[in-house]
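The structure appears below as structure tokens.
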Amino acid sequence: MADVEATKESPMLKRLREREAKLKAQIKAEQRKEARKVKALQTRRCQITGFAVLEAIKTDDDLAQRLTAVFDQQTKSNSDRKLLGLAPLKKHDPD
């Protein structure tokens, strides 16, 4: 009988565990919310940067050439390359 008593959880401990579970869920929800905010800010920064660069290359041919070279070197996806007006990457033939 003493073993049964020792394994029973007190009502206070049970309430605390329930509260802990709720707090953990709230923490996870808040972390997701914060992560979405960070991602949204990063996306907005990228948009602003992109808009500024697109405007700048309209009047600066040297900058346009340098950036095109960077984009050509850094962009690996052919769909992204097409969007940027770059030639597709050649596939390596196993000769």
For this session: Find which of Q31, L86, G50 sits farthest along the positive direction of the dipole of the chain, computed with +1 on the beta-carbon of Lys and Arg, -1 on that of Asp and Glu, about the Cα centre.
Result: Q31
Seminar exercise, completed: Once both label points are put 7 Å beyond Cα along the C-beta direction, the R17-A52 separation in nm becomes 5.5 nm
Seminar exercise, completed: Taking 77-83, 26-32 and ranking on average Cβ neighbours within 10 Å, highest first, one gets 77-83, 26-32
Exercise. Which value in nm describes the separation of the simple spin-label points at S77 and K90, placed 7 Å from the Cα toward the beta carbon?
Worked result: 2.5 nm
Exercise. Rounded to the nearest 20 Debye, what is the dipole magnitude of the chain about its Cα centre when Lys and Arg each give +1 and Asp and Glu each give -1 at the C-beta?
Worked result: 600 debye
Exercise. Between R66 and R36, what is the spin-label point distance in nm, taking each point 7 Å from the Cα along the Cα→C-beta axis?
Worked result: 4.0 nm
Exercise. If one takes the longest principal axis of the Cα atoms in the chain, at what angle in degrees, from 0 to 90 and to the nearest 10, does the Cα axis of helix 11-59 lie?
Worked result: 10 degrees
Problem set entry | the chain: equivalent-ellipsoid semi-axes (sqrt of 5 x gyration tensor eigenvalues, Cα, Å) | 59, 22, 7
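FYI, it's all coordinate maths here, none of it is from the lab. Every value quoted in this text rests on a predicted model; they were computed, and no experiment measured them. Backbone-built Cβ (ideal geometry, glycine too); neighbour counts: all protein chains shown.
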